[in-house]
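Peer 1: What follows is a single structure, and I will ask about it in a moment.
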Amino acid sequence: MSRSTTTVEPGRPVRLDEFDPAGDGAAGKKSALAETRDNVKVLADLGYRLYAEHRRALLLVLQGMDTAGKDGTIRKVMQGFNPQSCRVSSFKVPTPEELDHDFLWRIHKQVPRRGEVGIFNRSHYEDVVIVRVHGLVPEQEWRLRYDHINDFERLLTEAGTTVVKIFLHISKDEQRKRLQARLDNPSKRWKFNRRDLDERKLWDDYQQAYQDAITRTNLGHAPWHIVPADRKWHRNLIVSRILRNTLEQMDPRFPPPAEDLDGLVVE
Ligand code: AMP
Ligand code: MG
């Protein structure tokens, strides 16, 4: 069975194999590219209003297996946002200082300020995914993290940050092709990391860890979207749509002027 929507009802267990990574919506590449361009333009305007309004923030969490397209999505979909009001945070292996704190310490420091769009390229979800797959902390410790994550995201939401979480869903075969392309293409080789081949062997463990993490943290106020990501143009379309819908619902407004400025003329 394959599902056409990208969301899962809160409380319902998520089965990743119910979502087709190669889904393309059947509308065709040409119309997808046109709609994406349109969405990116609208996003620029909405982001500008959010910045001017300076009351709320948007946080987009991007997760996915290696090569799922997190960087490409940021490059293609976020390009309309003003660099002054959009911030990308990429979370790598924690530093010794970060490891000496609770797992949310480094994350909380990077959340968007009022008016900003924040993009997390990896996130606190690594702390229940790679950490679980490699047993980096004891199970009784990472199991508690789902509740901590839910509490944390509720705090952000209640403080005025809309949280949207996206899992870029690729197939194992598409990952093989993309890793091979990184080896074969000189302009992609810089991205190749031998460790990715070892991680690939743990594919099923990762899928399981993601499935559980998404199930446990798929809240009404901070929903997960599972985006088919084998076709880049379709992935970009769906991510741009999700962001556009989210920002349109937030409906940011220019703030009213502090005083009546009608009729004032600059000499
Ligand atoms: P990349 O996104 O390709 O630059 O790789 C970053 C690497 O850092 C990935 O292998 C992540 O799984 C890893 N990473 C990110 N956060 C954590 C974390 N909290 N614990 C362990 N590894 C992490
Ligand atoms: Mg990598």
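Peer 1: With a/c under 1.5 counting as rounded, go ahead and sort the range 123-240 into rounded, prolate or oblate using the C-alpha gyration tensor (a ≥ b ≥ c being the square roots of the eigenvalues; past the cut-off, prolate if a/b is larger than b/c, else oblate).
Peer 2: Oblate.
Peer 1: Counting heavy atoms of the protein chains only and a 1.4 Å probe, report the per residue accessible area for the range 146-239 as a whole number of Å².
Peer 2: Per residue, the range 146-239 has an accessible area of 47 Å².
Peer 1: Continuing with the same structure: Taking N as the number of residues in the range 1-40, what is its alpha-carbon radius of gyration divided by 2.2 N^0.38 Å? The partial results should precede the final answer.
Peer 2: Details: Rg = 13.2 Å, N = 40, 2.2 N^0.38 = 8.9 Å.
That ratio works out to 1.48.
Peer 1: Full extension from LYS172 to ASP20: what is 0.36 nm times the residue separation minus their Cα-Cα distance, to one decimal in nm?
Peer 2: Length gained between LYS172 and ASP20: 53.5 nm.
Peer 1: How would you classify the range 35-84 from its alpha-carbon gyration tensor, with a ≥ b ≥ c the square roots of the eigenvalues: rounded for a/c under 1.5, else prolate if a/b is greater than b/c, otherwise oblate?
Peer 2: oblate
Peer 1: Do you know the relative contact order of the range 5-83, to the nearest whole percent, from alpha carbon pairs under 8 angstrom that are 6+ apart? Before the final figure, lay out the partial values.
Peer 2: Details: 21 pairs, mean separation 28.4, N = 79.
Answer for the range 5-83 is 36 percent.
Peer 1: Just to compare against my own numbers: the Cα pair-distance distribution for the chain, 5 Å bins, whole % per bin, please.
Peer 2: The distribution over the chain is 1, 5, 12, 16, 18, 17, 13, 8, 4, 2, 1, 1, 1, 0, 0, given as percents.
Peer 1: Quick check: pseudo-label points 7 Å beyond the Cα along Cα→Cβ at LEU136 and ALA44, how many nm apart are they?
Peer 2: My value for the distance between the label points is 3.8 nm.
Peer 1: Can you pull the one-decimal nm distance between simple spin-label points at ARG113 and ASP262, each 7 Å off the Cα toward Cβ?
Peer 2: 3.4
Peer 1: If I compute solvent accessible area with a 1.4 Å probe over the protein chains, what percent of it on the range 136-222 is carbon and sulfur? Write down the numbers at each step before the final one.
Peer 2: On the way: 2370 of 4740 Å².
Of the solvent-accessible surface of the range 136-222, carbon and sulfur hold 50 percent.
Peer 1: Here's something else I'd like to know. Using a cut-off of 10 Å between beta-carbons, work out the net charge of the residues near TYR125 (Lys and Arg +1, Asp and Glu -1, TYR125 not included).
Peer 2: Result for the local shell: +1.
Peer 1: Continuing with this model, one more query. Take the chain, mark every one of the trypsin sites (Lys or Arg not before Pro) that falls in a DSSP loop and has at most 10 other Cβ within 10 Å, then report the longest stretch left between them, sites excluded.
Peer 2: 110-267
Peer 1: When the chain is treated as a GNM, springs tying every alpha-carbon pair under 10 Å, which of GLU35, GLU53, GLU18 comes out with the largest mean-square fluctuation?
Peer 2: GLU18
Peer 1: Follow-up. Using Cα-only point scatterers and the Debye equation, what is log10 of I(q)/I(0) for the range 91-192 at each q in 0.10, 0.18, 0.20, 0.25 Å⁻¹, rounded to two decimals?
Peer 2: Calculated log10 I(q)/I(0) at the listed q: -0.39, -1.03, -1.13, -1.35.
Peer 1: Take the chain, connect every pair of alpha-carbon atoms lying under 10 Å apart with a spring to form a Gaussian network, then pick out the residue of VAL133, VAL93, VAL77 with the largest mean-square fluctuation.
Peer 2: VAL93
Peer 1: Oh, and also: Between SER31 and ARG189, what is 0.36 nm times their sequence separation minus the Cα-Cα distance? Round to one decimal in nm.
Peer 2: Computed gain between SER31 and ARG189 is 53.7 nm.
Peer 1: Same structure again: Hey, rough spin-label estimate for LEU104 and HIS54, points 7 angstrom out along Cα→Cβ, what's it come to in nanometres?
Peer 2: Label at LEU104, label at HIS54, 2.8 nm between them.
Peer 1: Ok, one more. Past the 19 Å Cα-Cα mark, which pairs from LYS30/LYS70; LYS92/LYS177; LYS29/LYS188; LYS70/LYS232; LYS172/LYS201?
Peer 2: Details: LYS30/LYS70 22 Å; LYS92/LYS177 24 Å; LYS29/LYS188 24 Å; LYS70/LYS232 11 Å; LYS172/LYS201 10 Å.
The answer is LYS30/LYS70; LYS92/LYS177; LYS29/LYS188.
Peer 1: Counting only the heavy atoms of the protein chains, how much of SER187 is accessible to a 1.4 Å probe, in Å² to the nearest 10?
Peer 2: 80
Peer 1: Please work out how much accessible surface PHE152 shows to a 1.4 Å probe, ignoring ligands, DNA and RNA, in Å² rounded to 10.
Peer 2: 10
Peer 1: Further question: Tally Lys and Arg at +1 and Asp and Glu at -1 over the other residues with C-beta under 15 Å from the C-beta of GLU139: what net charge comes out?
Peer 2: Taking every Cβ under 15 Å from that of GLU139, the sum is -1.
Peer 1: Out of all DSSP beta bridges with both ends in the chain, state the antiparallel percent to the nearest 5.
Peer 2: Here the share of antiparallel DSSP bridges comes out near 10 percent.
Peer 1: Something else now. On average, how much area does the Cα convex hull of the range 101-145 cover when viewed from any direction, in nm²? The partial results should precede the final answer.
Peer 2: Working: hull surface 14.3 nm².
Taking the Cα atoms of the range 101-145, their convex hull projects to 3.6 nm² on average.
Peer 1: Between ASP204 and GLU97, what is the FRET efficiency for a Förster distance of 30 Å, r being their Cβ-Cβ separation, to the nearest 0.05?
Peer 2: With R0 = 30 Å, the Cβ-Cβ based efficiency is 0.35.
Peer 1: Apply the Debye scattering formula to the range 1-130, with a single equal point scatterer on each alpha-carbon and no solvent, then give log10 I(q)/I(0) at q = 0.09, 0.12, 0.16 Å⁻¹.
Peer 2: The calculated log intensity ratios at q = 0.09, 0.12, 0.16 Å⁻¹ are -0.35, -0.62, -1.05.
Peer 1: Here's something else I'd like to know. Determine one quarter of the surface area of the Cα convex hull of the range 208-265, which equals its mean projected area, and express it in nm² to one decimal.
Peer 2: For the range 208-265, averaging the hull's shadow over all directions gives 7.6 nm².
Peer 1: Still on this structure, I have one more. Could you look at the range 5-114 and say what percent of its accessible area is carbon and sulfur, using a 1.4 Å probe and all protein chains?
Peer 2: 51
The values are calculated or read from the model by the stated rules, or taken from the named source; none is laboratory data. All figures in this text were calculated on a predicted structure; none of them were measured in a lab. Using ideal geometry, Cβ is built from the backbone for each residue, glycine included, and neighbour counts are taken over all protein chains shown. SASA here: full protein model, heavy atoms, side chains in, ligands and nucleic acids out. Shrake-Rupley method; radii C 1.70, N 1.55, O 1.52, S 1.80 Å.
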